[in-house]
1. At q = 0.10, 0.18 Å⁻¹, what log₁₀ I(q)/I(0) does the stretch 8-248 have when each alpha carbon counts as one equal point scatterer in the Debye sum?
2. Can you say what percent of the DSSP beta bridges in the stretch 8-248, counting only those with both residues inside, are antiparallel? Round to 5.
3. Mind checking the full-extension length gain between Asp45 and Glu351? Use 0.36 nm per residue of separation minus the Cα-Cα distance, one decimal, nm.
4. Please go through the stretch 14-98 and write out the GluC sites (Glu not before Pro) that DSSP classes as loop and that have at most 16 other C-beta atoms within 10 Å.
5. Go ahead and run the numbers for FRET between Leu191 and Arg246, Cβ-Cβ distance against an R0 of 25 Å, rounding to 0.05.
6. Ordered by packing density, taken as the mean number of other Cβ atoms within 10 Å over each peptide's residues, highest first, how do 316-329, 242-255, 13-26 rank?
7. As a test, work out the antiparallel percent of DSSP beta bridges whose residues both lie in the chain, rounded to the nearest 5.
8. For the chain, what relative contact order do you get, as a whole percent, if you take Cα pairs closer than 8 Å and at least 6 residues apart?
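The values are calculated or read from the model by the stated rules, or taken from the named source; none is laboratory data. Worth saying up front: this structure is predicted, and the values here are computed from it rather than measured. In this analysis, Cβ positions are derived from the backbone assuming ideal geometry, glycine residues included, and neighbour counts consider all displayed protein chains. Just so you know, the surface numbers come from the protein's heavy atoms only, side chains and all, with ligands and any DNA or RNA stripped out. Shrake-Rupley method; radii C 1.70, N 1.55, O 1.52, S 1.80 Å.
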Amino acid sequence: MKGNLGSIETKAIHAGEPRPRIAGAVVMPVFQSATYQYAGEKNYDDVRYIRLNNTPNHLALAEKLSALENAEDALVTASGMAAISTSLLTFLGKGDHFLAQDCLYGGTHDFVTRDIEKFGISYDFIDGNDPESWKRKLKPSTRAIYVETISNPLMQVPDLESMVSFAKSHGLVSMIDNTFASPVNFRPSELGFDLSLHSATKYLNGHSDIVAGAVIGKSALIQKVTHKLNHLGGSLDPHAAFLLHRGIKTLALRMKHHNESALQIARFLEKHPAVAKVNYPGLESHPNHERARRLFDGFGGMMSFELHDGVEAAELFMQTARLPAVAPSLGGVETLVTRPSTTSHSGLSAEDRRRLGISDGLIRLSVGIEATQDLIEDFRQALETRSSRTSSHRSQGRVQVRE
Ligand code: PLP
C-alpha cells in the first residue's frame, strides 16, 4: 500500500503491503523460492533471485522501511554488519579516507580498525560532540562520515545537526547507525542524513529470533548499495524477511513501552545509592539531554550504568536479578543485561575501552516490554542484595549506604 498513510503506527501496519492482496491473504506470504521465471529482464540486477534482494518479501520490506523513516528507498540485508560493511565499501575504495565517531558498536569498530585498511581505505576517529575538531581531520580524499544516533554502549548523542551540515558542505556521504533509536524515535532522512543503517536484529524485528539489517535513504545511494550487496552476497533469507515483516508491525507499540519503561527505570537507578552513574539520554543529567529532546520522539530502551563497587558488584547484580537474561544483543521484548567489556566491546583493547570510558564494570541494559514495576522491584532486590553485603563491609569503614 502506497501514498500518505499518516502516522508511523499506521505505516508499520499498512506501508508496503501488496494491493491487491496476494490470493486475498491478509498477511504478506513468504516467497520461499530462490529463483523466478525469466520475464524478459534486461539487467542482471533485475533478474529475480534471492541474492539480488528483489523477491516480493524484500520489496515489501523495502517499501515499509522507507515509509517508516520518510525516506526515498530502502533495502534489507542479512545482518546489521552486512548493512554497515556493504555501505562503507560501496562509497569507499582504494585511496579514500573517511571520518568515524570514536565510540561505536564493537563489530563496527573492529571492522574499521582491523579490516578496512586492507582495502586501501584510511580513517580518522572523531569526537561526535566536538564539531570544531572535525575539520582538522578532513583530507582531500575524505569521502564519508559515519556516526551512531545513540552510541553503544555509552548512549552519547553526537551533534547530529552539525554533522549533516558538515557532510553537505564538504561533499561527504553521511551514514548513521540508527539501530538504538529506531525509526519511531528518530528518522535520519528528515534531518538530512544520506543513509540510515540498522541492525534489524534489534528493535525493528523485536523478538530476538532473527539476524537482519537494513539500509534506508536516498534512492540513488540505495541503488549503489544494492549493487554492491548483490556482489558481496549479504542478502536476507525470505523466511527471516517474513519474520522481520511481522515484527515491524508492532514496532511503534513496542517502542512506546520501551521509551516509557526505560525512562522510569533510569530514574529509579539514578536515585539508588548503589548506582554510581546512569547513561540514558532521557535523564536531565545526561550531557546530551537537550539535544536528544530536540531531535528524538523518545529516548529508547537502552541504557548503561555503573555500580559503586565495580566489576564484582556488576556480576552480582546480573546474577541476582531474576527477570533479565544475561545476554548480548538488544531491542527484544525481553529485558537483557550484559557487560560490554566481555561481549559487544570485547574486541577492543583494554586500553581503547578505558580511553573511551567503557569500564569493565559497565552494565548495559536493554529494557524489554515486561511491566515496568516488576523490573524495578527485581532490580531493587538485586541491588540490595549487593547493598546489604557491602553496607556491613562499608559501615565498618567509609560510606553509609542508604535504603
Ligand atoms: N549496530 C549496532 C548499534 C549494534 O548494536 C549491532 C549489534 O549488536 C550491530 C550494528 C550489528 O548488527 P548484527 O548483529 O545484526 O549484524
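1. Normalising to I(0) and taking log10 leaves -0.46, -1.37.
2. Values: 11 of 28 bridges.
Roughly 40 percent of the DSSP beta bridges within the stretch 8-248 come out antiparallel.
3. Details: separation 306, 0.36 × 306 = 110.16 nm, distance 4.49 nm.
Fully extending the segment from Asp45 to Glu351 adds 105.7 nm.
4. On the way: sites: Glu41, Glu63, Glu69, Glu72; in loops: Glu41, Glu69, Glu72.
Answer by residue number: Glu41, Glu72.
5. Numbers: r = 29 Å, r/R0 = 1.16.
So, using R0 = 25 Å, E works out to roughly 0.30.
6. On the way: 316-329: 16.8, 242-255: 20.9, 13-26: 12.6.
Output ranking for 316-329, 242-255, 13-26: 242-255, 316-329, 13-26.
7. Numbers: 22 of 41 bridges.
So the antiparallel bridges in the chain amount to around 55 percent.
8. Details: 799 pairs, mean separation 66.5, N = 403.
It comes to 16 percent, rounded to a whole number.
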